[in-house]
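Beneath this line is the structure, given in structure tokens, with notes to follow.
The values are calculated or read from the model by the stated rules, or taken from the named source; none is laboratory data. Keep in mind that this is a model prediction, so the values were computed, not measured. These accessible areas exclude ligands, DNA and RNA; they are computed on the full protein's heavy atoms, side chains included. Shrake-Rupley method; radii C 1.70, N 1.55, O 1.52, S 1.80 Å.
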Amino acid sequence: MIVLIARTDLLLYFINQTPDENGDIMLSTSTPISRRQFLRKSAQWTIGLLGTAGLSGIYSRWIEPYWMEVNPITITLAKLPPSFNGFRIVHFSDLHLGVDSKPEHLSELVEQVWQIQPDLLCFTGDLLDHSTAYIPEAVALLSQLRAPFGQLAILGNHDAFGNRRSVTRGLSEAGFHVLHNEHAALRKGKDAIYVAGIDDPWVGKPNIRQALLDIPEEACTTLLAHEPDFADEYGQLAVDLQLSGHSHGGQVRLPFIGTLYTPPHGGKYSAGLYQIPNSRLQVYTTRGIGTTRLPVRFNCRPELTLITLAKADLQH
């Protein structure tokens, strides 16, 4: 991509030059170049541009979308009980199983989870792209994933569009507890942390108050919510960490420019860790596993996130 931009700038430089009385174009080094040489060079540059574009297209379509990155990150939480210091969560999202992201492409995900052996698995929605025909294969895939403190999931906007019952049933058959405006308590002795999950905030029927009902105010609480930008609405609630997907990180992130497109409610907190202003809430948005709309990724690899929770006053 950088080569393409550089060559384009050089071509524009020549086009804007004025030939001298002999019909030559002078470079900044005062080296003359004839029109014939200029045309020959222009043809070479054009071929180079087309070749670069072709290679970029091949890479973006057939390589990067299947080149998963395991991204480890430590997140410090002030209210985390000491016994949960070092607790590890594998967070993944947006499988979008369908024509362009089939279950057989996800064998690496299973292998990585086996190697990591996390304490908890959290899936933040969009199991399918559209068709429910892939649910049996999805169940076979997800059934291989297990963690000591369980497997928790929520629905995304694609799951909620007419697929709600099928996706919920499929995730349940695979051993995932689907959190519909409810929470789960994870206990170590007398200590506990809570994971709440809400129906898709954009197109579903979310009820954050119901999801947090009966969780102690001073408890350490993680929220699973598909669209990350709703964190601004949840910032004044008793939630410490929000895990989200939805944005895919933009799928295409150009150097010096950033994302070309993010979906509604996925542009403000599109990828990575953010602190919500004037709030105890942090939000982590994963780039997801699959693709949607266009089956391409550039500078935005699929992400399997390994989150290690740390208590603030135990950090050195």
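What to note about this one:
- Across region 283-297, coupling constants 3J(HN,Hα) worked out from phi with the 6.51/-1.76/1.60 Karplus curve, θ = phi - 60°, read 10, 10, 10, 8, 6, x, 9, x, 10, 9, 6, 10, x, 9, 9 Hz, and Gly and Pro carry x.
- Working note: Karplus 6.51/-1.76/1.60 with θ = phi - 60° gives region 140-153 the couplings 4, 5, 5, 5, 7, 9, 9, 9, x, 9, x, 10, 10, 8 Hz, where Gly and Pro are set to x.
- Probing with 1.4 Å while keeping every protein chain in the model, the per residue accessible area of region 107-252 equals 40 Å².
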